[in-house]
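Engineer: Before I ask anything, here is the structure I am working with.
The values are calculated or read from the model by the stated rules, or taken from the named source; none is laboratory data. Because the structure is a prediction, the values reported are computed rather than measured. Every residue, glycine as well, gets a Cβ built from its backbone with ideal geometry; the counts of neighbours run over all protein chains shown. The area values use the complete protein model at the heavy-atom level, side chains included, leaving out ligands, DNA and RNA. Shrake-Rupley method; radii C 1.70, N 1.55, O 1.52, S 1.80 Å.
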Amino acid sequence: QLFQPLNLQGGGEAGWDGRAGEPTCRSQKLMLQGGLIHPSSPGCYYYMPPAVRAMEKLIRVTDEEMRAVGGQKLNMPCLSSAELWRASGRWDRMGPELFRLADRHGKGYCLGPTHEEAVTELVAAQSNLSYKQLPLRLYQITRKFRDEPKPRFGLLRSREFYMKDMYTFDASKEAARQTYDLVCDAYRSLFDRLGLPFIKVRAATGSIGGTVSHEFQLPAGVGEDRLVVCPDGHFAANVETLNGEQTSCPTCGEKLTQTRGIEVGHTFYLGTKYSSVSNAIFYSPENKPQLAEMGCYGLGITRILAASIEVLSTEDSIRWPSLIAPYQLCFIPPKRGSKEEEEGAALLERVYDDLTEALPHLAGDSVLDDRTQLTIGKRLKDANKLGYPYVVIAGKRVCEDPPVFEVWHQNTGQVLFLTKEGVIELLSKVQVP
């Protein structure tokens with residue numbers, strides 16, 4: 001009954017995105033085949049229930065990391081007034097990337113690709129903000145919109161996507177730089193928990209502005225960013241920030257290596273660029289009005305989903321960061337009509353009952369592949385392609401005394417033969433956010 005229309009046999013040039021000859025990448029192909037996304041219009045997708053489960057887990061982990069650095073979650077309108085964007089100069093500077101619209105009264109709006117203007121306006125509206133209330137670290141996780149000229153690679157470059165954006169307000173440059181380091185550490189912690197190999201690189205500030213900027217990149221052949229990296233880890237930068245051809249590390253002189261990356265996070269120290277436009281002030285200990293020092297920090301939520309599949313998966317099988325896999329467990333009962341059928345199904349049911357009693361957090365994280373008209377081998381192959389971290393099979397040895405289950409641990413490639421107690425023991429280590 002899981003609404004996840006599979007196309008696991010698929011192949012084909014266009015990778016079911018409808019437009020033949022377009023470049024596809026591994027994550028796009030696997031997400032379409034595995035029924036995680038379904039194309040709607042160019043750069044827009046339906047996220048199917050399993051993809052939403054993975055996304056909600058990623059959001060929970062992100063919330064934990066943001067709360068740990070004093071983040072407070074809010075939600076700002078997607079519709080942002082043109083006046084705000086004109087005041088900051090970005091209405092014209094962003095060009096055709098902004099989705100623009102007018103309401104029935106002819107008033108101009110854009111669909112927010114990012115919310116610097118909006119959040120600064122919000123903080124500026126607090127007329128008696130005191131230095132005692134700073135630092136303020138406000139963030140949201142919402143849909144963002146960019147009119148990409150060439151959306152491609154599924155969720156890696158789409159027109160509508162989910163982003164975590166945090167905006168910080170500090171009382172001094174020093175405090176703002178401390179906040180900057182703190183949030184960068186939170187990003188590090190997040191990617192470490194997901195087990196994703198990332199590089200933090202020096203980056204250009206682009207249309208957002210500010211004086212310091214870093215990107216968090218996942219190295220991947222399909223990445224759109226060209227990076228240079230010191231082999232000893234002293235230096236890493238996006239090529240667009242380098243003057244001329246810098247070929248050696250400024251710290252140790254080693255030859256820099258080139259690689260490509262997918263940008264999954266971006267941090268900016270903004271100074272007073274936006275607070276001066278909206279007059280976002282706070283009162284100092286001497287009761288003098290001062291402009292708040294700002295930073296902004298983006299994390300591509302849907303992009304991390306696709307990028308993690310891109311970098312962890314094989315050509316034909318999804319591999320998730322185990323923390324955010326849509327379901328941790330897949331149970332495969334015996335084939336209909338096999339001699340293990342009755343006993344195996346009952347024993348598997350009992351394993352599930354005992355498991356959910358011992359580890360209640362896994363109760364809702366399990367799928368039963370009840371397509372018993374198919375062989376165990378065929379269902380195991382599908383489970384492998386969909387990347388469930390654990391697959392528990394009631395096979396031939398389920399009729400032994402005591403019954404033995406076959407357990408596949410996908411992320412390590414191990415196959416274990418365990419009793420019911422052994423299965424529960426193995427799964428007791430599984431984390432669900």
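Engineer: Using only Cα atoms and rounding to the nearest 10 degrees, what angle (0 to 90) does helix 173-194 make with the longest principal axis of the chain?
Structural biologist: 10
Engineer: Can you give the accessible area of LEU122 in Å² (nearest 10), computed on protein heavy atoms with a 1.4 Å probe?
Structural biologist: 70
Engineer: Report in % the part of the accessible area of the chain that belongs to carbon and sulfur, leaving out ligands and nucleic acids; probe 1.4 Å.
Structural biologist: 50
Engineer: Under the definition of Cα pairs under 8 Å and six or more residues apart, what whole-number percent is the relative contact order of the range 162-317? Don't skip to the end; give the middle numbers.
Structural biologist: Details: 299 pairs, mean separation 47.9, N = 156.
Reported relative contact order: 31 percent.
Engineer: Sticking with this one: Listed here are the pairs LYS73/LYS429; LYS339/LYS420; LYS29/LYS57; LYS57/LYS385; LYS385/LYS429; which of them are more than 32 Å apart at the Cα?
Structural biologist: In this structure, no pair lies more than 32 Å apart at Cα.
Engineer: Taking all protein chains together and a probe of 1.4 Å, list THR62, THR257 from the most accessible to the least accessible. Could the numbers behind the result be given before it?
Structural biologist: Numbers: THR62 0, THR257 70 Å².
Putting THR62, THR257 in descending order of accessible area: THR257, THR62.
Engineer: Any idea how far the Cα center of the range 288-362 sits from the one of the range 63-101, in Å?
Structural biologist: With the range 288-362 and the range 63-101 each reduced to a Cα centre, they are spaced 31 Å.
Engineer: Follow-up. Helix 301-312 versus the longest principal axis of the chain: what angle, 0 to 90°, nearest 10, using Cα atoms?
Structural biologist: Long axis of 301-312 versus the principal axis of the chain: about 50 degrees.
Engineer: Right, here's the next one. Could you pull the accessible area for ASP147 with a 1.4 Å probe, rounded to 10 Å²?
Structural biologist: Accessible surface of ASP147 is approximately 50 Å².
Engineer: How much of ARG226 can a 1.4 Å solvent probe reach, expressed as accessible area in Å² and rounded to 10?
Structural biologist: 100
Engineer: Could you give the angle, 0 to 90 degrees to the nearest 10, between helix 376-386's Cα long axis and the longest principal axis of the Cα atoms of the chain?
Structural biologist: Taking the Cα atoms of the chain, the angle to 376-386 is about 10 degrees.
Engineer: Note down the magnitude of the dipole of the chain about its Cα centre, charges +1 on Lys and Arg C-beta and -1 on Asp and Glu C-beta and zero elsewhere, to the nearest 20 debye. Intermediate values should be presented prior to the final figure.
Structural biologist: Values: 50 positive and 53 negative charges, 187 e Å.
It works out to roughly 900 debye.
Engineer: If you don't mind, there's one more thing I want to ask. From the helices alone, meaning DSSP H stretches of at least four residues, give me the mean residue ellipticity at 222 nm for the chain, per-run term -39500 (n - 2.57), in deg cm²/dmol to the nearest 500.
Structural biologist: When only DSSP H runs of four or more count, the value is -8500 deg cm²/dmol.
Engineer: Still on this structure, I have one more. With every protein chain left in place, what is the accessible area per residue of the chain in square angstrom, probe 1.4 Å?
Structural biologist: 45
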